[in-house]
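Where a number appears in this text, it was derived from the coordinates with a stated rule and is not lab data. Just so you know, these numbers come straight off a predicted model, no measurement behind them. FYI the Cβ positions are ideal-geometry reconstructions off the backbone, even for glycines, and counts take in every protein chain you see.
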Amino acid sequence: MRKVIVKCKLKNRDEFEQKLSDIDLDFSQVYWQHDRIYVPRNYKPHANFPRLIMRTEMRAVDKPAKYSFILKRHIEDSGVDIAEETIIKDYETLVNIILQLGFKPIAEVSRRRQDLRMGEGNFIFLDKVEGKSGYYAKIESELVSTDSIGAARRDLENTFKTLGESNFIKNAYFEI
């Protein structure tokens, strides 16, 4: 799946959430995610290399965790992210496969997250990243083949600006 992602460090989380609530858009309950990020041994930032992510997600303490494997690639020239996610049952076996394929662990990121669906293929995520000050918001928009990448990115940035936010961040959480 191809998507455009725009991320922003929020000035004030409560004001941001209130602005969305004022137009009848409300975030989900808070849930927890933990990502272990793996990269090829010859990894260089901003060089279109793939990242493999092993994600653990807990939506409620009385329900089992969800484990997923994510292949993610950011194509620098176009600004598009390509991501494929697969639910897995045997976390440990897949980690061993990743290591045997020559990938190495580079970072771990834990966050408390809320999400909000804005129409078909558009999501806003509100994140509190462990070890980082403040809150972050991220808008993801799935692209269809006829979508203009530049126009999609401008639309997402304008959405943030309409909500009073403009502190855009280009890096992944583990790179901040």
If I take every Cα pair under 8 Å that is 6 or more residues apart in the range 1-124, average their sequence separation and divide by the length, what percent do I get for the relative contact order? 30 percent
In debye, nearest 20, what is the charge dipole magnitude of the range 2-175 about its Cα centre with +1 on Lys and Arg Cβ and -1 on Asp and Glu Cβ, if you could check? 600 debye
Please check the chain for the longest run free of trypsin sites (Lys or Arg not before Pro) that are loop-located per DSSP (anything but H, G, I, E, B) and have at most 10 other Cβ atoms within 10 Å. 90-176
So if R0 is 41 Å, what FRET efficiency would Ala65 and Lys19 give, r being the distance between their Cβ atoms, rounded to the nearest 0.05? 0.80
Most mobile of Ala152, Ala47, Ala83 in a GNM of the chain (Cα contacts under 10 Å): Ala47
With label points built 7 Å along Cα→Cβ from the Cα atoms of Ile176 and Val30, find their separation and express it in nm. 1.6 nm
Pseudo-spin-label distance Lys132 to Gln100, built 7 Å along Cα→Cβ, given in nm, is 3.4 nm
With each run of n ≥ 4 DSSP H residues scored as -39500 (n - 2.57), what mean residue ellipticity at 222 nm is computed for the chain after dividing by its residue count and rounding to the nearest 500 deg cm²/dmol? -6000 deg cm²/dmol
Subtracting the Cα-Cα distance from 0.36 nm times the residue separation, let me have the gained length for Asn42 to Glu85 in nm, one decimal. 13.1 nm
Arrange the following residues from fewest to most other Cβ atoms within 10 Å of their Cβ: Tyr43, Tyr173, Tyr67. Tyr43, Tyr67, Tyr173
Scanning the chain for GluC sites (Glu not before Pro) in DSSP loops with at most 15 other Cβ atoms within 10 Å, what's the longest stretch left with none? 1-75
Of the range 145-169, those with amide N under 17 Å from the point 7 Å along the Cα→Cβ vector of Ser78 are 145-154
At q = 0.22, 0.27 Å⁻¹, base-10 log of I(q)/I(0) for the range 119-176 (Debye sum, equal scatterers on each alpha carbon): -1.01, -1.28
Its Cα gyration tensor gives the range 2-175 an equivalent ellipsoid whose semi-axes in whole Å, largest first, are 27, 21, 15
Provide Leu10, Leu25 in ascending order of the number of other Cβ atoms located within 10 Å of each residue's Cβ, fewest first. Leu25, Leu10
Please build a GNM for the chain, connecting alpha carbons under 10 Å apart, and tell me which residue among Asp147, Asp127, Asp155 fluctuates the most. Asp147
FRET efficiency estimate (nearest 0.05) - Cβ-Cβ, Ala107 to Ser166, R0 22 angstrom: 0.25
